[in-house]
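Here's the structure, in structure tokens; my notes come after.
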């Protein structure tokens, strides 16, 4: 198993080098040279595995022996021992043929824990093997930051800096990041949007000299390991639902901001999992819905919504999908990304748009629709959705066929977004771990969304 860049100017590299490179040195994203195919008989055998056993099977296709089997199993066991549910990502039936996949049982109550607990342990494993210090730099629209910090805090040889948009994340998300008092953790609240932070991060990683000098490593979903770890729960959910439904295919509705979680589903489908529709659920920042409908990818005006973790205009992982859409042609990807940088949009042809519509359905949840969905499901089923999962359920209602089985990815615990839950006149009880956050002091610095200012802080942390 080798990995290549979507833009074609990185030599083929192995799994560990892919983890450490994060963003490809040519500015592209790393993808497997060839997507492994899992035959039907192997899928049938895998359906009986625990979550941890399933993760080992799927990871093994990509790790390709670079981590000894017993050590890979130990990394997986250690990563998911922190989850509050024995199944790690349990599937709950909400009503006939409609399920939610609960991805919020990790330490920070968000789906990002599934990947970042593993990636944190993997970085620690590599640091111990090589003796190399690891400096992690990431941007967050809310959940990645807390999950990343929780994944690496206290691990020898690792320091981490997280950028988040000041005042544009929920209070619980902010507290989860900024109440960590550790000399190896730096929280920078930028006066701007997540897109501003993500752009600066990409610029810093694209500066290969700076990246190498300061041993910068990626925690955002530009790192392929994030995608790989998230692929596992699509397999797990399909197997659990199919034991009850015996469905030929299962649809997935996915709250989507940076296109990483939905791309993990696309990868699972390409590997051979019988996935039907992949439903892209967005909010008013609906650049992806526009693309799936019209074939035009063009960022619009940023909007703050009830689902702040999806308040993203430029989706990092979209380039990975484009790579497969254009037939794995890196020169065409380089050309498209140059056009995007120059003109601010990407337009695909009619044949490509037909393929996009075959791969995805989409619905942008506008205005009060998110809150109405929370209220409706709480009243009718007593199941409390967080606002991002509510967008996924609203998209399921629009895009799913009457006889089709669908799993909506429940991406966060509702306690993380009480601002939206309160608007529905619903009172919820906070888990103890979240309630305790309100009594802790915060540690953060508020700065302008300026690359040089951020570099100045990084040098102080990493030197």
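The values are calculated or read from the model by the stated rules, or taken from the named source; none is laboratory data. This structure is a prediction, so every number in the text was calculated from the model and none was measured. Here Cβ is always computed from backbone atoms with ideal geometry, including for glycine, and neighbour counts include all displayed protein chains.
Residue count for region 157-176 under the criterion of being touching a helix residue (DSSP H, G or I) at 6+ places or on another chain (Cβ under 8 Å) and either over 24 Å from residue 210 (Cβ atoms) or without any contact (Cβ under 8 Å) to a residue 24 or more places away in the chain (or both): the result is 8. Only one of the listed residues (3, 15) is without any contact (Cβ under 8 Å) to a residue 60 or more places away in the chain, crowded, with 19+ Cβ neighbours inside 10 Å, in contact with a helix residue (DSSP H, G or I) (Cβ under 6 Å, 6 or more places away or on another chain) and within 20 Å of residue 226 (Cα to Cα). That residue is 15. Just to be sure before I move on: is residue 280 within 21 Å of residue 87 (Cβ to Cβ), in contact with a helix residue (DSSP H, G or I) (Cβ under 9 Å, 6 or more places away or on another chain) and outside any helix (DSSP H, G or I) in the structure I sent? No: the conditions fail for residue 280. Among the residues of region 100-122, those identified as surrounded by fewer than 24 Cβ atoms within 10 Å (Cβ to Cβ) and either under 13 Å from residue 411 (Cα atoms) or in contact with a strand residue (DSSP E or B) (Cβ under 7 Å, 6 or more places away or on another chain) (or both) are 102, 105. Scanning region 127-149 finds one or more residues that are part of a loop (DSSP other than H, G, I, E, B), buried (at least 24 other Cβ atoms within 10 Å of the Cβ), touching a residue at least 24 places away in the same chain (Cβ under 8 Å) and touching a strand residue (DSSP E or B) at 6+ places or on another chain (Cβ under 6 Å).
Those helices (runs of 4 or more DSSP H) of region 189-260 in which at least 3 residues are on the phi < 0 side of the Ramachandran plot and free of Cβ contacts under 8 Å to residues at least 60 places away in the same chain, considering only elements entirely within it, cover 208-213. Looking across 152, 94, one residue alone is in contact with a helix residue (DSSP H, G or I) (Cβ under 9 Å, 6 or more places away or on another chain), farther than 20 Å from residue 264 by Cβ and modelled with pLDDT under 95. It is 152.
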